[in-house]
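Enquirer: Shown below is the structure under consideration.
We did not get these values from a lab; they are worked out from the coordinates using the rules stated. The shown structure was predicted, so the numbers you read here are calculated from the model rather than taken from an experiment. Backbone-built Cβ (ideal geometry, glycine too); neighbour counts: all protein chains shown.
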């Protein structure tokens, strides 16, 4: 399958965020705000009620900071507090940096089915109610070898 065919077949939705893995969320937020003027950040802790990593039920805790870059694009900084996640694996292999691109979709289940048909592995999946956002479902697809980062798809249904 060529790149154009992959793009049109996968049909991810609209890009919503750039996700970076960091070692220390507080320090990273401080640096982003003070050194390059990105911010303000909204923070939350995330430990989804339903979550799977590489097909197995998993528990993890992430500290996350969000800064709106444009009306439709945000920067997400992620610190792994506990658990084995693709974020921790990225940090161990590559250090801090851009780990994923997130796409907002109203076709969450369909995107997962299309990815499976294309042989793209589902690395992580989670679902929960997120205060201030709504009911969220998110999944990480292993596109690292294809584009150099993972792809996250997210579906948010307001409360």
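Enquirer: State the Cα centre-to-centre distance between the stretch 1-58 and the stretch 94-139 in whole Å.
Expert: 9
Enquirer: Continuing with this model, one more query. If I model a spin label as a point 7 Å beyond the Cα along the Cα-Cβ vector, how far apart are those points for residue 121 and residue 159 in nm?
Expert: Distance between the two pseudo-spin positions: 3.7 nm.
Enquirer: Between rounded, prolate and oblate, where does the stretch 7-95 land on the alpha carbon gyration tensor, with a ≥ b ≥ c its root eigenvalues, rounded for a/c under 1.5, else prolate if a/b exceeds b/c? List each step's numbers first, then the result.
Expert: Working: a/c = 1.85, a/b = 1.18, b/c = 1.57.
Note, shape of the stretch 7-95 comes out oblate.
Enquirer: No solvent, one uniform scatterer per C-alpha: report log10 I(q)/I(0) for the chain via the Debye equation at q = 0.13, 0.20 1/Å, two decimals.
Expert: Values returned for q = 0.13, 0.20 Å⁻¹ are -0.60, -1.46.
Enquirer: Helix 25-35 against the longest principal axis of the chain: what's the angle in degrees, Cα atoms only, rounded to the nearest 10?
Expert: 70
Enquirer: To the nearest 10 degrees, how steeply does helix 108-117 sit against the main Cα axis of the chain, on a 0 to 90 scale?
Expert: 60
Enquirer: Still on this model: What FRET efficiency comes out for residue 145 versus residue 45 if R0 is 25 angstrom and r is the Cβ-Cβ distance? Round to the nearest 0.05.
Expert: Values: r = 31 Å, r/R0 = 1.24.
Between residue 145 and residue 45 the formula returns 0.20.
Enquirer: At a Förster distance of 30 Å, what's the computed FRET efficiency of residue 106 paired with residue 82, Cβ-Cβ distance as r, to 0.05?
Expert: Details: r = 32 Å, r/R0 = 1.06.
My answer for the efficiency is 0.40.
Enquirer: So between residue 129 and residue 6, what do we pick up on full extension, going 0.36 nm a residue minus the alpha carbon distance? If you can, show how the numbers build up before the last one.
Expert: Numbers: separation 123, 0.36 × 123 = 44.28 nm, distance 3.17 nm.
Gain in length upon complete extension: 41.1 nm.
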